[in-house]
Amino acid sequence: GAVVSQHPSWVICKSGTSVKIECRSLDFQATTMFWYRQFPKQSLMLMATSNEGSKATYEQGVEKDKFLINHASLTLSTLTVTSAHPEDSSFYICSASGAGGNTIYFGEGSWLTVV
Amino acid sequence: DAKTTQPNSMESNEEEPVHLPCNHSTISGTDYIHWYRQLPSQGPEYVIHGLTSNVNNRMASLAIAEDRKSSTLILHRATLRDAAVYYCILRDPGNTGFQKLVFGTGTRLLVSP
């Protein structure tokens, strides 16, 4: 079946640095991908919609200059957390839909720890 | 978006059936009922979905009330690997942005040996 893969699975970075997380659709093309953030013991919170070839659409309260999203190809979206701070430490998850959009596939998630 | 209400947590014993309820009293006629689950430290995975009729697949069954204001996800024989958070989500494929899933708090299922 369709698979969405994220890389890296986990990353530790220093405060003030930037870190990039990749989301790939492995056997299908995804014109739209989604980025979520999840804090421990909480539900997933949608951050933004990543659109291939155009600007991402951010949910209310999400800083677009801090969470840079690039969707340069039909199989790859990247999320860059800029000037990371400890409060950005979280589980970041991407999703994509196959043809027709009926089924949503999620990546394995990426743990970010900012020290 | 129509809202769903689920119990925060439920417990089950291994090998026993589990019935996970979801209330969605404001569901519209075109909303599909979707269930996803999230195992610890993993992304969510699709479980099952339906519109009006009950649905079965290899993972679970979905029982939908006649008035569609509630539904129940049924795991016929719980295993330890079924311990997860189960999310009930409404999706209208006719809506722009229907691919965007909005997660509620879900039900945390605990399975004891």
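Note on A:THR82: accessible area is roughly 30 Å² with a 1.4 Å probe, heavy atoms of protein only. The mean accessible area for residues of region B:18-107, using a 1.4 Å probe and ignoring ligands and nucleic acids, is 47 Å² per residue.
Peptides A:50-57, B:43-50, ordered by how many other C-beta atoms sit within 10 Å of their residues on average, highest first, read B:43-50, A:50-57. Interface area, chains A and B: about 1500 Å² of buried accessible surface, summed, with a 1.4 Å probe and ligands, DNA and RNA left out.
Centroid-to-centroid, using Cα positions, region A:61-91 and region B:32-48 are 23 Å apart. Rolling a 1.4 Å probe over the protein heavy atoms of chain A, with every protein chain left in place, gives an accessible area that is 52 percent carbon and sulfur. Under 23 Å of direct C-alpha separation, and excluding same-chain neighbours fewer than eight residues apart, A:LYS20 reaches these lysines: A:LYS55, A:LYS64, A:LYS66, B:LYS100.
Looking only at other chains, what is the average number of their beta-carbon atoms within 10 angstrom of each beta-carbon in B:38-44?
Working: counts 6, 0, 0, 6, 6, 16, 10.
Across B:38-44, the average partner-chain Cβ count within 10 Å equals 6.
Please give the FRET efficiency for A:ASN70 paired with B:ASN95, using the beta carbon to beta carbon distance and R0 = 30 Å, rounded to the nearest 0.05. Here the calculated transfer efficiency is 0.70.
Out of the chymotrypsin sites (Phe, Trp or Tyr not before Pro) in region A:28-115, which ones are loop residues according to DSSP with at most 16 other C-beta atoms within 10 Å? Show your work: numbers first, answer last.
On the way: sites: A:PHE28, A:PHE34, A:TRP35, A:TYR36, A:TYR58, A:PHE67, A:PHE91, A:TYR92, A:TYR105, A:PHE106, A:TRP111; in loops: A:PHE28.
Loop-located and lightly packed - A:PHE28.
Under the rule that an exposed site lies in a DSSP loop and has at most 13 other Cβ atoms within 10 Å, name the longest stretch of chain B with no trypsin sites (Lys or Arg not before Pro) of that kind, not counting the sites themselves.
Values: sites that count: B:LYS3, B:ARG58, B:LYS69, B:ARG77.
After excluding every exposed loop site, the longest remaining stretch is B:4-57.
Only protein heavy atoms count here; under a 1.4 Å probe, A:LYS20 has an accessible surface of about 110 Å².
The values are calculated or read from the model by the stated rules, or taken from the named source; none is laboratory data. Just so it is clear, the structure is predicted and the values come from calculations on it, not from any experiment. Cβ atoms come from the backbone with ideal geometry, glycine included; neighbour counts cover every protein chain shown. Just so you know, the surface numbers come from the protein's heavy atoms only, side chains and all, with ligands and any DNA or RNA stripped out. Shrake-Rupley method; radii C 1.70, N 1.55, O 1.52, S 1.80 Å.
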